[in-house]
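Undergrad: My questions all concern the structure below.
The values are calculated or read from the model by the stated rules, or taken from the named source; none is laboratory data. Note that this is a predicted model, so its numbers are computed, not measured. Ideal geometry is used to build each Cβ from the backbone, glycine not excepted, and the neighbour counts take in all protein chains shown. Surface accessibility is based on the protein's heavy atoms, side chains included, excluding ligands, DNA and RNA. Shrake-Rupley method; radii C 1.70, N 1.55, O 1.52, S 1.80 Å.
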Amino acid sequence: MTTERINDFVLKIGTVNGTGSASANGMLMKALFRMGIPVTGKNMFPSNIQGLPTWYEIRANRDGYMAREARVDVMVAMNAQTYAKDLAEVAPGGFFIYDSTWPRDSQLERDDITVLGVPLARMCNEHFDKARVRILMKNIAYVGVLSALLGIDRAVLKQLLEETFASKPKLVDSNLEAINLGYEYATANFTCPLPVRAEAMGDNAGHILIDGNSAAALGCVYAGATVGAWYPITPSTSLMDGFERYCKMFRRTEDGQNNFCIIQAEDELAAAGMVLGANWMGARAFTPTSGPGISLMSEFIGFAYYAEIPSVFFNIQRVGPSTGMPTRTQQCDVTMCAYASHGDTRHPLLFPADPRECFEMAVNAFDLAERLQTPVFVLSDLDIGMNDWMIPELEWNDTWRPDRGKVLHSAELDEIQKFHRYLDTDGDGITARTLPGEDARGSYFVRGSGHNRYGGYTEDADEYQDVVDRLLVKWETGKSLVPQPVLREAPEPTRLGVIAYGSSDGAVNEALDRLAEQGVHLDYLRVKAFPFNDHVEAFLEAHDTVFVVEQNRDAQLRSLLLTETETGRRDLLVPLLHYNGMPIPSDCIIQAVTEFCAGKEVAA
């Protein structure tokens, strides 16, 4: 029996990669958004360009929950190769829509769902002449079918088409024709709308749809970045594409000259070297990459740590190890980035939870890198970086000014007797730097080999240890500079806690709401950065059990908490892991917490 679900459903579309379904799927999501319904989209695509199965999931939720939902209410199956899998995924009471131009295998039957056949290919063959157009319009035709079945406003669809094809108005007519074909077939043959459907509930004013890589790219522009060096790798490539797009809009002089530099290097190591060189000269420079790229960059990352050169690395995490599954998401590079390179190194990490924080933390990262004069990593992931999220409109404070840290120019050099690059004069572990070419009195030799506090070469044991011990003082200073964690207190006192970070945040918040309805209460600390500070220590101290939610196999954040805090209690931190490459749903958190509480007497 189908339960009525208004503005609370998951629509999934299975197609073949390269058949042009992205536009149709994006139009469906935008239409729901413009009807005022909170919505998010997840694209599950293969790593080849064309031919393998691909899926797009749209979750509409009136309460604003944006995490991936394990349940599928309506499946549009456009790929015969995945019919069996798609059919099995539909929740009891759900709907399975397929192209009935060709007969369906009799084995693909289920008594607990409703199967709806629509002759999409036949309709498009009868109305459109060119083969490629027929393929594309078949996708648009299922948009029309869903418009009727789910109650999606056709006027909104028409408006979206007119905006998309403003410069090619003839395409509006053909797309509208395809939408009407699907709509009219559905209304003539099925009961419309379905019990699972959309109803207008406002206009989502004050919100936008954006992916994390675009938001991070815009953040880089606002942060004052003028140099980007990179080597293409999924899923970070669109970040540099976005940076180039925004630079062409905002970083050109009045006479049309570029006031920015983007270099596609021969590999990731070269890209890292270019970023270090640009930052050493005083520019704000960055590189976007993914796990395999960080591996290749590690030599230069260690050099930047020891030579104390500011630099920003965006790691849009994907499934590893090795090349793994490049188009799936994970949070699997936490420990690698925290200690990247050889020797004793530690690096600040920032963990954005959504595209809005990608924008904000891009700015944080450049300020932090220059203040601490060290590499800073922004650890996003494929789910945040490449999927569309509904977030509040981005905000900007025009009074913001970049924090360039301790930089001595000629006027400051006039005030001191002699400049020493690695001499800490105020005890915070951060030494002053100069910019090449400004003043000869600020010159020094940049070296990755042993050096003393005066910048001179050394292999003296005491002089070497003096410098690396001072770097630890700087690390302690950094704890007060990184973004503070966010505490969500339970409505009732509890000794149960949850720690999570990044894209797990939405699933955790939804899970906590549903657990609270069952009488299970947990406090939640969302870690936004590494190094950890006193807030994290206090949270661990205040709870008997803390679930550490993360999307990797080896509980990397948990390991970092055990290594980098005073807790030392392995039994305190319970790993709650999800690492199959799909974004984490709230269900797995609810199940794990419920099972744990059922097996122990805990004060929930």
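Undergrad: Identify, please: which residue in region 181-213 is among the polar types (S, T, N, Q) and open to solvent by less than 50 Å² (accessible area, probe 1.4 Å) and is, among those, farthest from V10 (Cα to Cα)? Spell out the reasoning first.
TA: Keep residues of region 181-213 that are among the polar types (S, T, N, Q), which gives 187, 189, 191, 204, 213.
Of the ones still in play, those that are also open to solvent by less than 50 Å² (accessible area, probe 1.4 Å) are 204, 213.
Working: N204: 19, N213: 24 Å.
The residue in question is N213.
Undergrad: Taking strands (runs of 3 or more DSSP E) that fall entirely within region 1-110, which contain at least 1 residues that are within 22 Å of N125 (Cα to Cα)? Full working, then the answer.
TA: On the way: elements: 8-16, 39-44, 53-61, 72-77, 90-99.
Ranges flagged: 8-16, 72-77, 90-99.
Undergrad: Of all residues in region 214-236 being within 19 Å of T323 (Cβ to Cβ) and within 13 Å of the chain's Cα centre (by Cα), which is most open to solvent (accessible area, probe 1.4 Å)?
TA: Filtering region 214-236 for residues that are within 19 Å of T323 (Cβ to Cβ) and within 13 Å of the chain's Cα centre (by Cα), the one most open to solvent (accessible area, probe 1.4 Å) comes out as T234.
Undergrad: Separate question: Considering each of F313, F303 in turn, give the residue that is in a helix (DSSP H, G or I), within 30 Å of V468 (Cα to Cα) and not hydroxyl-bearing (S, T, Y).
TA: F303
Undergrad: Taking only region 238-254 into account, find how many residues are in a helix (DSSP H, G or I) and open to solvent by less than 100 Å² (accessible area, probe 1.4 Å).
TA: Total meeting the criteria: 10.
Undergrad: Considering only residues of region 324-341 that are assigned to a loop (DSSP other than H, G, I, E, B) and farther than 18 Å from M44 by Cβ, which is farthest from the chain's Cα centre (by Cα)?
TA: Residue satisfying both the conditions and the ranking: S341.
Undergrad: Now a separate question. Mind telling me which of the residues E566, E550 ends up being charged (D, E, K, R), assigned by the TED database to the domain that holds A490 and within 28 Å of G385 (Cβ to Cβ)?
TA: Step by step, each of E566, E550 is checked, and only E550 is charged (D, E, K, R), assigned by the TED database to the domain that holds A490 and within 28 Å of G385 (Cβ to Cβ).
Undergrad: What is the residue count in region 201-223 for residues that are touching a helix residue (DSSP H, G or I) at 6+ places or on another chain (Cβ under 9 Å) and in a loop (DSSP other than H, G, I, E, B)?
TA: Qualifying residue count for the region: 2.
Undergrad: Follow-up. Which one is farthest from the chain's Cα centre (by Cα) among residues in region 51-79 that are of a type in the set (V, I, T) and over 15 Å from I6 (Cβ atoms)? Give the derivation first.
TA: From region 51-79, those of a type in the set (V, I, T) are 54, 58, 72, 74, 76; that's our starting set.
Okay, now just the ones that are also over 15 Å from I6 (Cβ atoms), so 54, 58, 72, 76.
Details: T54: 20, I58: 17, V72: 23, V76: 26 Å.
Among those that are of a type in the set (V, I, T) and over 15 Å from I6 (Cβ atoms), it is V76.
Undergrad: Any chance you could count how many residues in region 22-50 are modelled with pLDDT under 95, more than 22 Å from the chain's Cα centre (by Cα) and closer than 15 Å to W389 by Cα?
TA: Total meeting the criteria: 0.
Undergrad: Looking only at region 158-170, count how many residues are in a helix (DSSP H, G or I) and either open to solvent by 70 Å² or more (accessible area, probe 1.4 Å) or touching a Leu at 6+ places or on another chain (Cβ under 8 Å) (or both).
TA: Of the residues in that region, 8 qualify.
Undergrad: Next question, about the same structure. Out of region 487-512, which residues are within 28 Å of Y305 (Cα to Cα) and out of contact with any Phe, Trp or Tyr (no Cβ under 8 Å at 6 or more places or on another chain)?
TA: The initial filter retains those residues of region 487-512 that are within 28 Å of Y305 (Cα to Cα), namely 500-503.
Result: S503, single match.
Undergrad: Any chance you could count how many residues in region 171-200 are in contact with a Leu (Cβ under 6 Å, 6 or more places away or on another chain), outside any loop (DSSP other than H, G, I, E, B) and closer than 30 Å to P235 by Cβ?
TA: Residues in region 171-200 being in contact with a Leu (Cβ under 6 Å, 6 or more places away or on another chain), outside any loop (DSSP other than H, G, I, E, B) and closer than 30 Å to P235 by Cβ: 1 in total.
Undergrad: So in region 462-484, with the set limited to residues that are open to solvent by less than 30 Å² (accessible area, probe 1.4 Å) and under 31 Å from the mean Cα position of the chain (by Cα), which one is farthest from F351 (Cα to Cα)?
TA: Residue satisfying both the conditions and the ranking: L471.
Undergrad: Between a residue in region 1-27 that is over 18 Å from V143 (Cβ atoms) and any residue that is surrounded by fewer than 18 Cβ atoms within 10 Å (Cβ to Cβ) and charged (D, E, K, R), which pairs come within a Cβ distance under 7 Å, given they are 6 or more apart or on different chains?
TA: Cβ pairs passing all conditions: I6/E199; N7/R62; N7/E199; D8/R62.
Undergrad: If you don't mind, there's one more thing I want to ask. Condition first: free of Cβ contacts under 8 Å to residues at least 12 places away in the same chain and within 30 Å of T329 (Cβ to Cβ). Can you find one or more residues in region 517-530 that meet it?
TA: Yes; the residues of region 517-530 include at least one that is free of Cβ contacts under 8 Å to residues at least 12 places away in the same chain and within 30 Å of T329 (Cβ to Cβ).
Undergrad: Now a separate question. Going through P292, P321 one at a time, which residue ends up being open to solvent by 10 Å² or more (accessible area, probe 1.4 Å), farther than 24 Å from R404 by Cα, of a type outside the set (D, E, K, R) and outside any loop (DSSP other than H, G, I, E, B)?
TA: P292
Undergrad: Then there's this: If you go through region 385-402 one residue at a time, do you hit one that is crowded, with 17+ Cβ neighbours inside 10 Å, farther than 30 Å from D63 by Cα and not hydrophobic (A, V, I, L, M, F, W, C)?
TA: No; the residues of region 385-402 include none that is crowded, with 17+ Cβ neighbours inside 10 Å, farther than 30 Å from D63 by Cα and not hydrophobic (A, V, I, L, M, F, W, C).
Undergrad: With the requirement that a residue be surrounded by 19 or more Cβ atoms within 10 Å (Cβ to Cβ) and either assigned to a loop (DSSP other than H, G, I, E, B) or not hydrophobic (A, V, I, L, M, F, W, C) (or both), what does region 114-147 give you?
TA: Listed by number, the residues that qualify are F128, R134, K138, N139, Y142, G144, S147.
Undergrad: In addition: Select from region 416-452 the residues that are without any contact (Cβ under 8 Å) to a residue 12 or more places away in the chain and under 21 Å from R371 (Cβ atoms) and list them in ascending order.
TA: Selection gives I416, T425, D426.
Undergrad: Identify all residues within region 561-603 that are open to solvent by 40 Å² or more (accessible area, probe 1.4 Å) and among the small types (G, A, S); write none if there are none.
TA: G568, A598, G599, A603
Undergrad: For E57, work out the one condition from (1) of a type in the set (D, E); (2) at pLDDT 95 or above; (3) over 18 Å from G385 (Cα atoms) it doesn't fulfil.
TA: (3)
Undergrad: Right, next: Only one of (1) closer than 25 Å to L435 by Cβ; (2) modelled with pLDDT of 95 or more; (3) more than 22 Å from the chain's Cα centre (by Cα) is not met by T253, so which one is it?
TA: (2)
For (1) closer than 30 Å to L32 by Cα; (2) in contact with a strand residue (DSSP E or B) (Cβ under 9 Å, 6 or more places away or on another chain); (3) among the basic types (K, R), each residue gets a yes or a no:
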residue	(1), (2), (3)
L372	no, no, no
D383	yes, yes, no
M390	yes, yes, no
D398	no, no, no
K418	no, no, yes
R421	no, yes, yes
G427	no, no, no
G442	no, yes, no
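Undergrad: Sticking with this one: Only residues in region 535-555 that are over 19 Å from S586 (Cβ atoms) count as the first member; pair them with residues that are of a type in the set (F, W, Y) and assigned to a loop (DSSP other than H, G, I, E, B), Cβ under 8 angstrom, at least 6 apart or cross-chain, and list the lot.
TA: R553/Y579
Undergrad: Could you check how many residues of region 255-272 are more than 21 Å from G385 (Cβ to Cβ), without any contact (Cβ under 8 Å) to a residue 40 or more places away in the chain and either open to solvent by 70 Å² or more (accessible area, probe 1.4 Å) or in a helix (DSSP H, G or I) (or both)?
TA: 6
Undergrad: Can you work out which of the residues in region 541-560 that are crowded, with 22+ Cβ neighbours inside 10 Å and among the aliphatic types (A, V, I, L, M) is nearest to F351 (Cα to Cα)?
TA: L557
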